[in-house]
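Only one structure is covered here, and it is reproduced in the block below.
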């Protein structure tokens, strides 16, 4: 049973690397395409761990430190896995003027983690975004890819609690 | 090659086309402070200590990358420049954990020299006391990031001269750090040839030889192109591909 | 495809559109997507089908209709009726009353004579609410690619550049550098290979002009880039888009594919000898990559760290080759200038800043959204006529332009005309087009801190003044906001701001102190009232006054 | 009346005071010119009022230092940060990358040979501040005397200037960290 599921995992992993290889070939293994490849890799694997970064470095014939340097320079790339759910709060100027910072503080207190981190139970990642471009609806939150406008502290807290509850139930 | 004539601090100089203001200044004994610059490495214009004034422009220009033009009037020691240089050293001093009293390069440190040169008697900005790491995994050398000033000389010498590219910069802004390979221990790096060039060029006590104690480490920073050992090994390094970080 | 084929295609498309009784356009830009335009679309479609009029009506997703705060927006094109906050119920009503019976559902419309619309002048946004953002045919039918045709059928590269130079078009990315001049330098730089780069790394938090253009009218940008390519002698273009704009990326990809299919991009464009390819490069979340030398490094797969200029990208850019870099709005202005001529363009706006500017109006105003106004319009008109002023019960305090690089402009300067020089004269900048209104509830020191936190996070870390200076400015502001700062802190803060501004390597650091300096300039008392006294000598010991040595 | 001078020892190793004693025979000359009103080497309980010059050694590292610094400031006309710890935090500040809890645990539990326990009676003990800080981050300082420790010559220069009623601005040769 255990062996079987491991095998299935292996198969999945191979497939994922195949996808990555395809993208690398499309860019002719060019080091100039590093950012494109990192985008593809994160899309496939969810985040970029060292093993994956080494794989990319080898394929693109780049020094590992440069790959690591690029991956950590850009905010979009994640080196750690994300929580089951994502709560993206827009912290653009319009949202700030309409009180996004209060929502931010409240959520950090509720989740006992800062923005950019994941709750200790792995259920929710708090992420701040630089303007999602829905300034007319400020303050804006994007919860699991769905946009919610005119967010309030109470609504934000309630939604996060719901997310964490459902995860708890699922685990039970 | 053409020659341009320009004025620097009220004295006329002629420069070969392509020379930078800094080169002309050094060749003629005009002192302009520098930190990230090191002859033999690509200039990056990052430390801003060598900024000079050019008449007719409100902007300041780094002497290490700016070339004199015909008739240009350059000033290297105005009150404004002195004030800014002092503030830059002040910012640097506040950024790291610099405890001269217990540093291996105490007395032979470019940051110390700069502090004396600009007359830094105290730092007005609160010290940041960052939690930086020290990596002593290499058999001969140590990197102590507490003392790093992020001049990137090590990154450049490792890439441009040694051709190994062990070092690079991770993160950004105030969180920038010099890292080896995948932010893995230096001692584990397959790329490192242990040539020691990075230690030699480091202006402070961030890169050091093992066994050196307080004030003991004198670095030979005058640039010598030590025999390249790694360049031939790694096909990704090309001469054109300058670091520039 | 030949030029004749293109004309034919335009004619065919116009006929196709004419056969519909109604063209119903719903805004499919990100703002309305967030407000739920998908539900409105589904309801409209269902209702049209139920009532058997689906064939007589065309339901089209179009670019940003402007009033993002009132979305989802639906426009009935034939009689120019704009509906706001369209949910499923209202959608149904629109079909049943307006489409079937011809009765406009007044209670849900927005008056297009409202100053919000009347004071605007649309050049860049002319196709918003007119065409389907995903159809190249509709773009062509609306005179799209006719500027490229004009260029390829008889204009020399010099002609194109002289036209752009005469139009006095200035870079819409914020700095206002003359576009024609830039192109001329690139054209004259000797090289076998040149590039055209479109900077769509819109990072100003609170601005979405470029995104709206890319989402609503992507072909306009491609056309502008191709014209630039022809003018400077480049055959390769790159669009550098933020990863945060998935819809814009999707529509650009589609647009490029469509244009290539029709032979409008690629080799031998419209059977001329001109080749031009465009590729997309996706950013990864770094504001500094809006700086052109950083953007170049990022396109090359590197850390986006700027380098000192000169050399400028127009001489040494991508792979050290001469490179034109302009922003989205600049390129979007090019086709109409070529189409209508430079003198048409200079008749709009002011002498030094002709044309229009697109702004994202947000914050404490009644009507938020995307607007395009002629240069020279007063800020007061923008805030109070177009934006409708601050919400009831609050009073206007400042309008912030230029995002983290700009400044806050107070009431007394509201009559300033919107142009590059005027905004600079009050310590702000035109910037890319973010315009945030603040009312009496905004604490200006906190506002400065907000922008400084942004700049600190976005500093690349290369040069010392920006890397360490922004951190210290932020910490001092935080101290003052918490009412723990002293007079000395305040003085040092100002000294540091000027130093960071003058010594930083790139535009990010050089402009990062602007929000602080401008709020100190206009709202000084908000700082000083928060300052604390320091403990000092309270006795009467003898005095030491002289200095032994040189005081530094 | 002779100028009233005080020296204070806060978060430092007393090395700067030792260096002061290295003035040797010059101490006698100094003693003629000033009145030492407070010092760790003199047995005086309370910091006096109306002091002309106070030399402060050491960083501000605990609550007592902090309180004291403010008292000194109010009662001294002129304050000199005496040595590197007072000027930059120096060795005292090397603990700053750890939290006070981590430091106390390390010193009083992990390294304790017997009876490991963290002292907790803060009615008699000073509490560690989160960070050790140089003197001028806490109170206004008028001059800085560097070195770990400052040399006797530096101290002599500073003291003689002060006693002549002048603010000492150290010549570059005396500007020396470490």
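Values as computed for the structure displayed
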{"quantity": "Other protein chain Cβ atoms within 10 Å, averaged over every residue that makes up A:87-94", "calculated": "6"}
{"quantity": "Rg/Rh for the protein assembly as shown, where both radii come from Cα atoms and Rh is the Kirkwood radius", "calculated": "1.00"}
{"quantity": "Average beta-carbon neighbours from other chains, 10 Å sphere, peptide C:360-367", "calculated": "4"}
{"quantity": "Degrees separating the helix A:100-111 axis from the principal Cα axis of chain A, which is the longest one", "calculated": "70"}
{"quantity": "Segments C:141-147, C:4-10 sorted - mean Cβ within 10 Å per residue, highest first", "calculated": "C:141-147, C:4-10"}
{"quantity": "The stretch B:100-233 - Kirkwood radius from inverse mean 1/r over Cα pairs (Å)", "calculated": "15.6"}
{"quantity": "Shielding of B:93-105 by partner chains, average beta-carbon count, 10 Å", "calculated": "5"}
{"quantity": "At R0 = 51 Å, FRET efficiency that the Cβ-Cβ distance of residue A:26 and residue B:221 yields, to 0.05", "calculated": "0.65"}
{"quantity": "Ranked C:364, D:114, criterion: other C-beta atoms within 10 Å, fewest first", "calculated": "D:114, C:364"}
{"quantity": "Dimensionless Rg/Rh of the stretch C:418-552 - Kirkwood Rh, Rg from C-alpha atoms", "calculated": "1.06"}
{"quantity": "Beta bridges by DSSP in the stretch C:143-345, antiparallel share as percent, to the nearest 5", "calculated": "10"}
{"quantity": "Cα extents of chain A along the three principal axes, largest first (Å)", "calculated": "48, 44, 24"}
{"quantity": "Point-to-point label distance, residue C:56-residue D:26, nm (Cα→Cβ direction, 7 Å offset)", "calculated": "10.6"}
{"quantity": "Protection-proxy order for peptides C:234-244, C:205-215, C:117-127, each taking the mean of Cβ atoms within 10 Å per residue, highest first", "calculated": "C:205-215, C:234-244, C:117-127"}
{"quantity": "Tilt relative to chain C, helix C:246-261 - C-alpha long axis, 0 to 90 degrees, to 10", "calculated": "40"}
{"quantity": "Packing-based ranking, highest mean first, of C:414-425, C:217-228 given that Cβ atoms within 10 Å are counted", "calculated": "C:217-228, C:414-425"}
{"quantity": "Helix-derived mean residue ellipticity, 222 nm - over the protein assembly as shown, DSSP H n ≥ 4, -39500 (n - 2.57), to 500", "calculated": "-10500 deg cm²/dmol"}
{"quantity": "DSSP beta bridges in chain C [antiparallel fraction, %, rounded to 5]", "calculated": "50"}
{"quantity": "Rounded, prolate or oblate (a/c below 1.5 giving rounded, otherwise prolate when a/b exceeds b/c) for chain C by Cα gyration tensor", "calculated": "oblate"}
{"quantity": "Between helix C:3-18 and chain C: long-axis angle, C-alpha atoms, 0 to 90°, nearest 10", "calculated": "80"}
{"quantity": "Share antiparallel - DSSP beta bridges, the protein assembly as shown, percent rounded to 5", "calculated": "50"}
{"quantity": "In nm, spacing of pseudo-spin labels at residue D:151 and residue A:170 (7 Å Cα→C-beta vector)", "calculated": "7.0"}
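Readers should treat all values here as calculations from the given coordinates under stated rules, not as data from a laboratory. This structure is a prediction, so every number in the text was calculated from the model and none was measured. Backbone-built Cβ (ideal geometry, glycine too); neighbour counts: all protein chains shown.
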